[in-house]
1. Which of rounded, prolate, oblate describes the range 66-223, given a ≥ b ≥ c as roots of the alpha-carbon gyration tensor eigenvalues and a/c under 1.5 marking rounded, otherwise prolate only if a/b is larger than b/c?
2. Can you sort V170, V91 from fewest to most other Cβ atoms within 10 Å of each residue's own Cβ?
3. Computed FRET efficiency, Cβ-Cβ of E171 and N151, R0 35 Å: what is it to the nearest 0.05?
Amino acid sequence: MDGLRWLLLLFGLLVIAGVYLYSRRQKEASTEETGSQARVEPRLDGDDSKDGTGEESDDYFDEIGDVPMASNSASENAAVVVDGPQKIVTVRIVAKDKKSFAGDELVLSMRGLGLRHGKFGIFHRYDGNDEGKTVFSAASLVEPGSFDLQNIKGQSIPGISLFLVLPGPVESVEAFDLMLAAARTLTQSLDGELLDESGSTLSIQRERYLREEIIQFQHSSLMS
């Protein structure tokens, strides 16, 4: 009888220990699953701009800083995604006599030069077909700087800001020349005015000064 009693007692202790270990493992598994669902890794590829409903969330623009992205603010905000020393070069194209460009004509002109509507709702000139390598971009001077393509025919846009962030995917002076060439072509096709970042006419002297600044920046970046 004593042997049977001890055997039953030992069996009872084993059952209690088994139940305890099982419940503890279930609790740990539940905690890990909850933590993995709550944790969201930060991304910079723009895919997290969707909030699950197919609409762009406010965080879409927070990636590059505060909105609006009009005029120089567009280039300043976009520069946030670049690590290390950087330089922003901006030019503007505006309609003459304080008039406006027809939205659809402006978009067609930019597309004709190879600019593509993309991240942040603005246009970009990419290095080849890689949308991760932006040479320069174009934003509307109307806040928030993006282009609403669905309603573009009914829009009047006073001008655009073309900007590049250095260093970029191509050599700095080459990127500047590509942006200026596009700016001149757009200015001519739209019968607009080409201005510098302060709103003054972009003179030959100012262009040379900007190019010298870019060369100095490139040299200082290589030295650092």
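Readers should treat all values here as calculations from the given coordinates under stated rules, not as data from a laboratory. From a predicted model like this one, the values you see are computed outputs, not experimental measurements. Every residue, glycine among them, receives a Cβ derived from its backbone with ideal geometry; neighbour counts consider all protein chains shown.
1. Numbers: a/c = 1.77, a/b = 1.38, b/c = 1.28.
It is prolate, given that a/c is not under 1.5 and a/b is the larger ratio.
2. Values: V170 17, V91 25.
Arranged by neighbour count, lowest to highest, V170, V91 become V170, V91.
3. Values: r = 38 Å, r/R0 = 1.09.
Rounded to the nearest 0.05, the efficiency is 0.40.
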